[in-house]
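Everything below concerns the one structure shown next.
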Amino acid sequence: MAYRVGNYDAKFTAMVVVGMHGNERGVNGIATGLRELAAQGRFTAVDLWIVPAYNPDGLVVNRRQNSRGVDLNRNFPQNWRPLTGNYYAGNQAASEVETHSFMKVLDRARPDLLLSFHQPLNGVDIDTKYPSWSRYVAEGLNLPLKNFNCGGVCSGTMTGWYNARYPGIAMTVEYGAKPDATYMRTYAPRRVAALFQRAGGAS
Ligand SMILES: [Zn+2]
């Protein structure tokens, strides 16, 4: 499920993805908080898409993978490799319904900036298509810049697929292992909202 909120006519389109890994539930509050801010009319300069539970089956059982044991962030048809174990990539590229569905959503929404929230590395990936955007996001969210290198296996990632095919930029943002629940529900969404509004040209 994806919610489209904010100003549909805005020139700047953003997307927030939460819950791609079902055991990284400490960031879920961001999606809730952003929807509350949207209900207050805070996104005047942003056409904002919110995906609050990318991997619903994994979220229910607190597991990284989906119900078929696939790491959805290794299943995209971009440098796909047949990884096994914790990073099991599926039996072929885009084998999972979650991947298919989201590729369609991305093709429709085509965000200028997509933030995919994870845990527990605590930082913003500097190794992106436009490092200046990484710095902008890190500063806006008050997180350090880091090179995540996908845990050594940068194959089949959603951000890699999007960055290779569309003009917009997708990046991974990681919070720590146990982020404060109030911070994630209240303050982190405000920071995300402020940086989107600035990027959208709000004064
Ligand atoms: Zn993750």
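Extension gain, LYS104-LEU145: 0.36 nm per intervening residue step, less the Cα-Cα distance, totals 11.7 nm. Would you pull out the residues with amide H under 5 Å of MET15's amide H, same chain only if 5 or more places away, H placed 1.01 Å from N? Correct list: TRP49, LEU113, LEU114, LEU115. Phi angles across region 114-124 convert, under the Karplus curve 6.51 cos²θ - 1.76 cosθ + 1.60 with θ = phi - 60°, into 3J(HN,Hα) values of 10, 10, 10, 8, 9, 9, x, 6, 6, x, 10 Hz, Gly and Pro given as x.
Structural descriptor for the chain: relative contact order 27 percent, calculated from alpha carbon pairs under 8 angstrom and at least 6 residues apart. Accessible surface calculations at 1.4 Å, restricted to protein heavy atoms, place region 3-178 at 44 Å² per residue.
Helix content alone sets the calculated 222 nm mean residue ellipticity of the chain: runs of n ≥ 4 DSSP H residues at -39500 (n - 2.57) each, divided across all residues, give -9000 deg cm²/dmol.
Placing R0 at 30 angstrom, the Cβ-Cβ distance between THR32 and ALA164 gives a FRET efficiency of 0.45 after rounding to 0.05. Using a probe radius of 1.4 angstrom, the carbon and sulfur fraction of the accessible surface of region 29-102 is 49%. Rolling a 1.4 Å probe over the protein heavy atoms leaves LEU83 with an accessible area of roughly 30 Å².
Using a simple spin-label model with pseudo-atoms 7 Å out from Cα toward Cβ, SER67 and SER132 lie 4.5 nm apart. Basic side chains Lys and Arg get +1 at the Cβ, acidic Asp and Glu get -1 at the Cβ, and with that the dipole of the chain about its Cα centre reaches some 100 debye.
Rounded is the label for region 3-178, because a/c, from the alpha-carbon gyration tensor with a ≥ b ≥ c as root eigenvalues, stays below 1.5.
Each of ALA194 and SER95 was given a label point 7 Å from its Cα along the Cα-to-Cβ line. The distance between the two points is 4.5 nm.
The values are calculated or read from the model by the stated rules, or taken from the named source; none is laboratory data. Since the structure is predicted, the reported quantities are computational estimates derived from the model, not experimental observations. Positions of Cβ are backbone-derived with ideal geometry, glycine not excepted, and every protein chain shown enters the neighbour counts. Areas reflect the complete protein model, heavy atoms only, side chains present, ligands, DNA and RNA absent. Shrake-Rupley method; radii C 1.70, N 1.55, O 1.52, S 1.80 Å.
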